[in-house]
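The next block holds one structure in the form of structure tokens; read it before the comments.
Quick note: the coordinates plus some simple rules give every number you see, no bench work behind them. Being a predicted model, the structure only gives us computed values, none of them experimental. Here Cβ is always computed from backbone atoms with ideal geometry, including for glycine, and neighbour counts include all displayed protein chains.
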Amino acid sequence: MAKQKAFYFDASACIGCKACQIACKDKHDLPLGVRWRRVFEYGGGSWVEQNGVKVPSSLFSSYLSTACQHCESPVCRDVCPVQAITKREDGIVILDSEKCIGCRYCEWACPYSAPQFNEETKAMTKCHFCYDLQAQGLNPACVDACVMRCLDYGELDELRAKYGDLNEIEPLPTNEITNPALVITPHKHSQKSGEGTGRILNLEEEV
């Protein structure tokens, strides 16, 4: 296959500390509300009656750290009317905010909500895989910040050989839309995308 950089995420080890999210915001000086990497808490369960009292039953939760998936078939690129989004030879999807006209088509098209609108500049922005750090032989900021070592990156085929080929768990969308360059080790409570019984529990967060 062609070269394709990809992220790896170990959901079984993530504790939801959000160090990766904060490191990304700090490295790129992102304004309030713009989060290139986000950590979601996903969970669910039900209530049952015991001795006349309702108590929780079958509760579950896990965390998902997600950013731009640098998809093999990026729909954000395909809908951009000014070709501000391109895919490099190494598979990294780049958004040129200087070319962007702020139409937000990419934001609406991306199933991962990766492109983020910057109200200050009136242009779209997104994760660019810290290609500047990689060019220096360094790791992406989020990878280095993870205290549980849940994040890794590399060539997609190598990550699949090492960790498997799972790339869709709730609350992510199913993979056939864009072929995300992502490999996941699931949590014991992870559910397949499209078959989830839970919900995102921390949607109100904005940092």
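Some notes on this structure:
- For the chain, the share of DSSP beta bridges that are antiparallel, to the nearest 5, is 85%.
- Sites Val79 and Ser12 - FRET efficiency at Förster radius 30 Å, r taken between beta-carbons, to 0.05: 0.30
- Distance from the alpha carbon centroid of segment 176-193 to that of segment 123-164 works out to 17 angstrom.
- Taking the fewest neighbouring Cβ atoms within 10 Å as the starting point, the ordered list for Lys162, Lys126 is Lys162, Lys126.
- Calculated P(r) of segment 8-105 - Cα pairs past 23 Å, %: 49 percent
- Put in order of Cβ neighbour count within 10 Å, fewest first, the listed residues His128, His189 become His189, His128.
- Residues in segment 25-44 that a label on Thr197 would reach, taking backbone N under 15 Å of a point 7 Å out along Cα→Cβ: 43-44
- For the chain, built as a Gaussian network whose Cα springs stay under 10 Å, the top-fluctuating residue of Thr197, Thr174, Thr86: Thr197
- Distance between the modelled labels on Ser58 and Thr121, one decimal in nanometres: 4.7 nm (7 Å Cα→Cβ projection).
- Structure-based [θ]222 nm, the chain - -39500 (n - 2.57) summed over DSSP H runs of at least 4, per residue, nearest 500: -4000 deg cm²/dmol
- Computed from the Cβ-Cβ distance with R0 of 35 Å, the FRET efficiency linking Glu176 to Val48 stands at 0.45.
- Cα shape, segment 149-196, gyration tensor, a/c 1.5 rule: oblate
- The chain: C-alpha pair distances exceeding 20 Å, %: 58 percent
- Choice from Gly102, Gly16, Gly137 with maximal GNM fluctuation in the chain (Cα, 10 Å cutoff): Gly137
- 15 Å beta-carbon shell around Gly91, net charge (K/R +1, D/E -1): +1
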